[in-house]
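Take a look at the structure set out below.
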């Protein structure tokens, strides 16, 4: 039995369908079972509740052979460590209590870089927590998500994309569907042991200037890059409901990216993933912008 958290999200939904297609037995932890695809509900064992809840995750991991862990979203947390580590403690305890053999986490690139990076540093601390359980572990280390551009679809519709990194700073970008595909492949392989970081690097490094050019080509209209302001972004995030600590953590992640934390790993044929930004823009972003 493979236990999935985040099964209704962008990554988890891909993992769920792929595992079921492979004939794996799957149990999902969800707050609302009605959010599961209707064609899959009868194929999975469902535990309803928050996976940060000790009793819920304890029930879910009874008899589990593997855990796919995405920490529950907590935009109002008092710190990123509360959001990533504190929320994961019940799961780590349950992994030990139920002797779960294998754990797969979704984390971030840059484990080898000693710098504070907000959400990124907290995700690395989360990985250390699960490593301390003694379970066999695969940490899926991610760069920037192409899917985050969907948050800018209104701006893109007006002819610009924005960000607070230098316009010419190239770094890896990855599509969440590729993350889900890698996660499913790892979870469906019952032979691996030990603890290891699996970097998921996307197909190429891109700067915001590169992103603007690709979007211009795909959308058939000029898209320019407009530099953002970190202080203003913090205030905007707070106005949208983030706690000051989580908003500042997001900017710490951004500053670490400017210092190169996402460029510490090397892309190889083994860790590259196939979806290009152009393909993502054509299939996902363009319909969202033009609808």
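Taking residue 205 and the conditions (1) surrounded by fewer than 17 Cβ atoms within 10 Å (Cβ to Cβ); (2) over 20 Å from the mean Cα position of the chain (by Cα), which numbered condition does it fall short on, given that it satisfies the others?
(2)
Within region 185-192, does at least one residue satisfy the condition of being farther than 28 Å from residue 12 by Cβ and without any contact (Cβ under 8 Å) to a residue 24 or more places away in the chain? Before the answer, list the steps.
Within region 185-192, the subset farther than 28 Å from residue 12 by Cβ is none.
No, there is no match, as no residue in region 185-192 is farther than 28 Å from residue 12 by Cβ and without any contact (Cβ under 8 Å) to a residue 24 or more places away in the chain.
Where the second residue is surrounded by fewer than 22 Cβ atoms within 10 Å (Cβ to Cβ) and part of a strand (DSSP E or B) and the first is on the phi < 0 side of the Ramachandran plot and in contact (Cβ under 8 Å) with a residue 40 or more places away in the chain and lies in region 65-85, which pairs have Cβ atoms under 6 Å and are six or more apart or on separate chains?
Listed by first residue and then by second, the contacts come to 66/102.
Within region 264-279, can one find any residue that is free of Cβ contacts under 8 Å to residues at least 24 places away in the same chain and over 22 Å from the mean Cα position of the chain (by Cα)?
no
Of 160, 130, which residue is modelled with pLDDT of 95 or more and crowded, with 17+ Cβ neighbours inside 10 Å? Talk me through it step by step, then tell me what you get.
On the way: 160 fails: crowded, with 17+ Cβ neighbours inside 10 Å.
Just one listed residue meets the conditions, 130.
Given the conditions (1) more than 18 Å from residue 174 (Cα to Cα); (2) in contact (Cβ under 8 Å) with a residue 60 or more places away in the chain; (3) surrounded by fewer than 16 Cβ atoms within 10 Å (Cβ to Cβ), and given that residue 154 satisfies all but one, which numbered condition is not satisfied?
It is condition (2) that residue 154 fails.
Can residue 273 be described as exposed (fewer than 14 other Cβ atoms within 10 Å of the Cβ), touching a strand residue (DSSP E or B) at 6+ places or on another chain (Cβ under 7 Å) and not in a strand (DSSP E or B)?
Numbers: exposed (fewer than 14 other Cβ atoms within 10 Å of the Cβ): no; touching a strand residue (DSSP E or B) at 6+ places or on another chain (Cβ under 7 Å): yes; not in a strand (DSSP E or B): yes.
Answer is no for this residue.
Can you pull out the strands (runs of 3 or more DSSP E) entirely within region 2-118 that have at least 1 residues that are in contact with a strand residue (DSSP E or B) (Cβ under 6 Å, 6 or more places away or on another chain) and surrounded by fewer than 19 Cβ atoms within 10 Å (Cβ to Cβ)?
Working: elements: 2-5, 26-30, 45-48, 66-69, 102-108.
In region 2-118, the matching strands (runs of 3 or more DSSP E) lie at 45-48.
The values are calculated or read from the model by the stated rules, or taken from the named source; none is laboratory data. Not measured: the values here are computed from a predicted model. Note that we place each Cβ from the backbone using ideal geometry, even for glycine, and neighbour counts take in every protein chain shown.
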